[in-house]
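Have a look at the structure below before the remarks.
Just so you know, all these numbers are worked out from the coordinates, no wet-lab data involved. No experiment lies behind these values; they were computed from the predicted model shown. Here the Cβ positions follow ideal geometry from the backbone for every residue, glycine too, while neighbour counts run over all protein chains shown.
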Amino acid sequence: MDFGATPKTFATGAVPATVRTDISVQNGATPVELPPEKTVRSIAAGEPVQLDIRARAEERRSDAQRQQSAQDETAQQRRFDEQRRQQDLRDVIERRLEVDPKTRSIVLRKTDRETGEVIDQYPDETLLKLRALSRELIERDRGSVAAAQSHEVERIA
């Protein structure tokens, strides 16, 4: 049984290796059989490369400072835009604090100055109605308890 695990070999025509005589072998070099355009020869070591690390560090610092200043400018522009938007809203929207007579709670109403329409209200109208209803029920309960107590006769011995 053949499961394909054994490699199959095929006969191919081999290219005869040529010995190159145009390249001189240097000490420590390994001879190779490559065409001349693909060979690499080592160059004798010259002077060591000198790097000015301080100059690169200063460049990085100056780049970081430029980026930080650009970020500061954009943040400042955003703050300015937000302040301007808030000022525009203040010109259009009137804010008032009122006391609701039924619930005796403080209500913040934001109204449009031009149309007088209520834009936003805290607490909401539904919550105010719920508070008024609960206050009314509590007062009714107190009244019924007071009425029940007024019909009682108290004997003192």
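Here is how the numbers come out for the structure above:
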{"item": "Scope segment 98-135; condition among the small types (Gly, Ala, Ser) and closer than 30 Å to Asp88 by Cα; matching residues", "result": "Ser105, Gly116"}
{"item": "Enumeration of residues in segment 78-137 that are polar (S, T, N, Q) and surrounded by 11 or more Cβ atoms within 10 Å (Cβ to Cβ)", "result": "Thr103, Ser105, Thr111, Gln121, Ser134"}
